[in-house]
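Colleague: I'd like to ask you about the structure that follows.
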Ligand code: NDP
């Protein structure tokens, strides 16, 4: 049996289309244009690419994009002052501070300075608490994207055994909370988990968010399970030429696809969904701010 390959690129395009539809209705009917502010401190090349893509896709969806690029040595107080200005700016519905921040800046302090209603990354402590208690929250983009793909594939997730490998605040923990909210029976595994292979083999839904290239082989996957591979790892690819690299996930795709019922590839699986969900969160934040109905199918 060969698994259905869940095409994250195509799915993200449908999410972006839905977002653009909502944006055009907000503009036409209510005269409101959602706005996303992205703040980048320093010149990390990977962060610069992310920020550029975010800005481009924000504009393509018909929203306003506000980019703030600050030098590497920006004092923490200046960054906090900018966040405060954006909190008070009615044209800005979503604020994202690109992580990681330079070492002299306290990331937690900056994240928790963002107005929770504009926290489209869903990292503010209030949003973490709201998600944990099953209330209306801004939900972190990557787990939200995984949830959308799972709901699309399964319909209801109720009663399924879900195993999330990884317990980070940005992927593993919020992913587990979302699956619990959809009535899965959830196990969170991590580096101290005993007999990880056996734990994974119990999963109807297996989410890998570890950051270790191809650490989950096909024989850890339950036959017919849905595998969501969040990992993005760059490994040497001598077959492509000297010094060349390629991206792989945390799951050994070739062996897992022969066992799983459905699987996300890397690249082209979870990755493209993350920015699409950032746009979705910005529209959601805009609707909530203006007491308008939330966009259907774009929230958790
Ligand atoms: P973190 O490094 O913050 O967390 C990794 C988690 O994996 C930790 O909880 C750690 O356990 C666990 N872990 C490490 N080694 C093992 C092991 N041998 N067995 C079991 N668990 C282990 O990573 P992130 O959550 O930030 O990211 C995970 C992956 O997802 C990365 O590859 C990252 O690049 C990718 N990613 C992809 C995104 C996308 O858009 N597709 C977005 C965000 C991340 P412990 O807590 O015990 O140390």
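Every read-out reported here was derived from the displayed coordinates using simple, explicitly stated rules and does not represent laboratory data. Owing to the predicted nature of the structure, the values given are computational and were not obtained by experimental measurement. So basically every Cβ, Gly included, is an ideal-geometry build from the backbone, and we count neighbours across all protein chains shown.
Colleague: Antiparallel as a % of all DSSP beta bridges within the chain, to the nearest 5?
Modeller: Counting only bridges with both partners in the chain, antiparallel ones make up about 10 percent.
Colleague: Continuing with the same structure: What ranking do 42-50, 186-194, 269-277, 115-123 get when scored by the average of other Cβ atoms within 10 Å per residue, highest first?
Modeller: Listed from highest to lowest mean packing, they are 269-277, 115-123, 186-194, 42-50.
Colleague: So, one more: For the Cα atoms of the chain, what angle does the longest principal axis make with the long axis of helix 76-88, in degrees from 0 to 90, nearest 10?
Modeller: The answer is roughly 80 degrees.
Colleague: How long are the three semi-axes of the equivalent ellipsoid of the chain, in whole Å, if each is the root of 5 times an eigenvalue of the C-alpha gyration tensor, listed from largest down?
Modeller: Rounded to whole Å, the semi-axes are 32, 22, 19.
Colleague: If I fit a long axis through the Cα atoms of helix 8-30 and take the longest principal axis of the Cα atoms of the chain, what angle between them do I get, 0 to 90°, rounded to 10?
Modeller: 30 degrees
Colleague: Also: Once the Cβ-Cβ distance between residue 43 and residue 64 is put in as r, and R0 is 22 Å, what FRET efficiency do you end up with, to the nearest 0.05?
Modeller: It comes out at approximately 0.35.
Colleague: If you fit an axis through the alpha-carbon atoms of helix 45-60 and take the longest principal axis of the Cα set of the chain, what angle between them do you get, 0 to 90°, nearest 10?
Modeller: Roughly 70 degrees between the two axes.
Colleague: Okay, next question. Using alpha carbon coordinates only, what is the Rg to Rh ratio of region 1-140, with Rh defined as the Kirkwood radius? It would help to have the intermediate numbers written out before the result.
Modeller: Numbers: Rg = 16.6 Å, Rh = 16.5 Å.
Computed over Cα atoms, the ratio is 1.01.
Colleague: With viscosity set to 1.306 mPa s and temperature to 10 °C, compute the Stokes-Einstein D of region 173-300, Rh being the Kirkwood radius across alpha carbon pairs; µm²/s, no decimals.
Modeller: Values: Rh = 16.4 Å.
Taking Rh from Cα pairs, D becomes 97 µm²/s.
Colleague: I've got another one for you. Hey, rough spin-label estimate for residue 247 and residue 84, points 7 angstrom out along Cα→Cβ, what's it come to in nanometres?
Modeller: A separation of 3.9 nm, rounded to one decimal place.
Colleague: With each run of n ≥ 4 DSSP H residues scored as -39500 (n - 2.57), what mean residue ellipticity at 222 nm is computed for the chain after dividing by its residue count and rounding to the nearest 500 deg cm²/dmol?
Modeller: Value at 222 nm, helices only: -12000 deg cm²/dmol.
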